[in-house]
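Colleague: Sharing a structure, written as structure tokens. Questions coming.
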Amino acid sequence: RRCRLCRFRSRRLLTVPGMSRSAEARYELKEAAREAASAPQYWFAAQQQQWQQQQYALAPTSMPSFCGVLPLPAGVGAVPGAQRSYLRASVNFTGATVGLEVDDPQWRLTPRLETHGNKETFNLNPLLANCVLNHEYTRRLWEMGESFRALVQEARDQVTHVEPWQRGTQRTPSTAFCLLTRFFQIGLHEGHVQFLLDSNSPYLRCLGYLYLRYVCPPAQLWPWCEKGLYEDHHSEEALVGSGSPLTVAAWLRGLLTDQKYYGTVLPRIPVLIERDVRVRLSLVDESRRRALKNAAHYDRLVPGTAVKAIYADEANEPAWYDAVVDDAPPEVAHKKKDFAKFWVTFPEYGNTELVRIGDLDLDGLLKDDEDDEDDGNGNGKGGRKKN
């Protein structure tokens, strides 16, 4: 009796009254696991702090970064199991970190891109964020430091598609999204994003647009994407695994209009902004149709030619105005004439703008040509007697 009573009393101290034996066992296991998991974290955190104090005391004050010190990246605290592995890697790290200030002085002069949403998961789907931040490749990118050039070179060498998951799997994140998450963690400046969008690699351009789609405020999304929708039609690439190769412009259209993206969910765009984006996309389609039509009359756009052109600014919606071509058409390849731009002057306002060929209306010029055609009897094409 005494032994049974002692066992009962000791069990009551560890468990809650009324629990079954199986529930008691589970409770004890959870308590033991919680204690075992928390102790190493405190030890690693204290060890990392000790390392930092030693390195700061020994390193010269002129050094912008120190060997053996790696700050934990954003987001790992919200992912189970990730913080422990990152802390262990931080303590054992023996390389040298290179920050944005040292690596990218010309881009650092631009302001840091404004972001919105969740600062821990970067607006990624929770499942995708969990898989990415727990993946070994993401931790290896973190150990490379914050060098933007090194990450860009890694993307050039390793990225073969921009889907969120590795092809043939549903729980292994892709190389592109691991690199994208590392860009989220270091926080890109506007110059970094512009470099990605102007790159000659379609995969780097797609990474730039994905960065904007996830963390850029929705109201600021269109100015960044407008150029790509108008001009990025040059070549088709295997950007995604399913379907036929796409141009970056066609892929970007889906990124702005669809909420689902190859097995994950994109951040929601407010309804009013989404409607405005769809209206602007229809204007892009009309501009592309006019560009293909106007390209046949490319050589007719000489200085002094009267046309109509679209003009818009922050205070005025896009509208047609009378304009005059200022410069001779630039020399471009035949296949790129529908992407040409012309300097035109708006006589009503006196300002000069660079306008795409798709934003020019040549109906008046073509109508004058029809009136000047002669049917052989001194009459115009419409049967009118020419003066």
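Colleague: Mind checking whether some residue in segment 167-181 is farther than 21 Å from Thr247 by Cβ, modelled with pLDDT of 90 or more and open to solvent by 10 Å² or more (accessible area, probe 1.4 Å)?
Modeller: Scanning segment 167-181, I find at least one residue that is farther than 21 Å from Thr247 by Cβ, modelled with pLDDT of 90 or more and open to solvent by 10 Å² or more (accessible area, probe 1.4 Å), so the answer is yes.
Colleague: Another one. Name the residues in segment 125-158 that are open to solvent by 10 Å² or more (accessible area, probe 1.4 Å) and in a loop (DSSP other than H, G, I, E, B), would you?
Modeller: Result: Asn125, Asn134, His135, Met144, Glu146, Ser147.
Colleague: Looking only at segment 253-269, which residues are in contact with a Pro (Cβ under 7 Å, 6 or more places away or on another chain), more than 22 Å from Pro223 (Cβ to Cβ) and open to solvent by less than 80 Å² (accessible area, probe 1.4 Å)?
Modeller: Gly263, Thr264
Colleague: Identify the single condition in (1) closer than 30 Å to Ala250 by Cα; (2) at pLDDT 85 or above; (3) exposed (fewer than 12 other Cβ atoms within 10 Å of the Cβ); (4) not aliphatic (A, V, I, L, M) that His334 does not satisfy, given that it satisfies every other one.
Modeller: (2) is the only condition that His334 fails.
Colleague: Any idea which residue in segment 103-124 is modelled with the highest pLDDT, counting only those that are open to solvent by less than 80 Å² (accessible area, probe 1.4 Å) and part of a helix (DSSP H, G or I)?
Modeller: Trp107
Colleague: A follow-up question, please. Take the conditions over 18 Å from Pro173 (Cα atoms), open to solvent by 10 Å² or more (accessible area, probe 1.4 Å) and at pLDDT below 90 and apply them to Pro245. Does it pass? So that I can check it myself, show each step before the final result.
Modeller: Details: over 18 Å from Pro173 (Cα atoms): yes; open to solvent by 10 Å² or more (accessible area, probe 1.4 Å): yes; at pLDDT below 90: yes.
Answer is yes for this residue.
Colleague: Restricted to segment 337-357, and to residues that are polar (S, T, N, Q) and assigned to a strand (DSSP E or B), which residue is surrounded by the fewest Cβ atoms within 10 Å (Cβ to Cβ)? Reasoning before the result, please.
Modeller: Quick first cut of segment 337-357, residues polar (S, T, N, Q) only: 345, 351-352.
Going one step further and asking which of them are assigned to a strand (DSSP E or B), we end up with 345, 352.
Details: Thr345: 16, Thr352: 14.
This residue is Thr352.
Conditions (1) of a type in the set (Asp, Glu); (2) closer than 21 Å to Tyr261 by Cα, marked per residue:
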residue: Leu113; (1), (2): no, no
residue: Tyr137; (1), (2): no, no
residue: Leu141; (1), (2): no, no
residue: Val152; (1), (2): no, no
residue: Arg171; (1), (2): no, yes
residue: Phe183; (1), (2): no, yes
residue: Asp198; (1), (2): yes, no
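Colleague: Is there a residue in segment 274-283 that is within 26 Å of Thr121 (Cβ to Cβ), over 18 Å from the mean Cα position of the chain (by Cα), among the hydrophobic types (A, V, I, L, M, F, W, C) and exposed (fewer than 15 other Cβ atoms within 10 Å of the Cβ)?
Modeller: Within segment 274-283 (the criterion being within 26 Å of Thr121 (Cβ to Cβ), over 18 Å from the mean Cα position of the chain (by Cα), among the hydrophobic types (A, V, I, L, M, F, W, C) and exposed (fewer than 15 other Cβ atoms within 10 Å of the Cβ)), the answer is no, since none of the residues qualifies.
Colleague: Still on this structure, I have one more. It is to be established whether one or more residues within segment 265-279 are within 30 Å of Gln166 (Cα to Cα) and touching a residue at least 60 places away in the same chain (Cβ under 8 Å).
Modeller: Checked against the condition, which is being within 30 Å of Gln166 (Cα to Cα) and touching a residue at least 60 places away in the same chain (Cβ under 8 Å), segment 265-279 yields at least one hit.
Colleague: Can you name every residue in segment 197-211 that is of a type in the set (A, V, I, L, M) and without any contact (Cβ under 8 Å) to a residue 40 or more places away in the chain? Write out each step before concluding.
Modeller: Filtering segment 197-211 down to residues of a type in the set (A, V, I, L, M) leaves 197, 204, 207, 210.
Of everything in segment 197-211, just one residue is of a type in the set (A, V, I, L, M) and without any contact (Cβ under 8 Å) to a residue 40 or more places away in the chain, namely Leu197.
The values are calculated or read from the model by the stated rules, or taken from the named source; none is laboratory data. Since the structure is predicted, the reported quantities are computational estimates derived from the model, not experimental observations. Heads up, the Cβs are rebuilt from the backbone with ideal geometry, glycines too, and the neighbour counts pull from every protein chain shown. The protein model used for the area step is the full one, side chains on, heavy atoms only, and it has no ligands, DNA or RNA in it. Shrake-Rupley method; radii C 1.70, N 1.55, O 1.52, S 1.80 Å.
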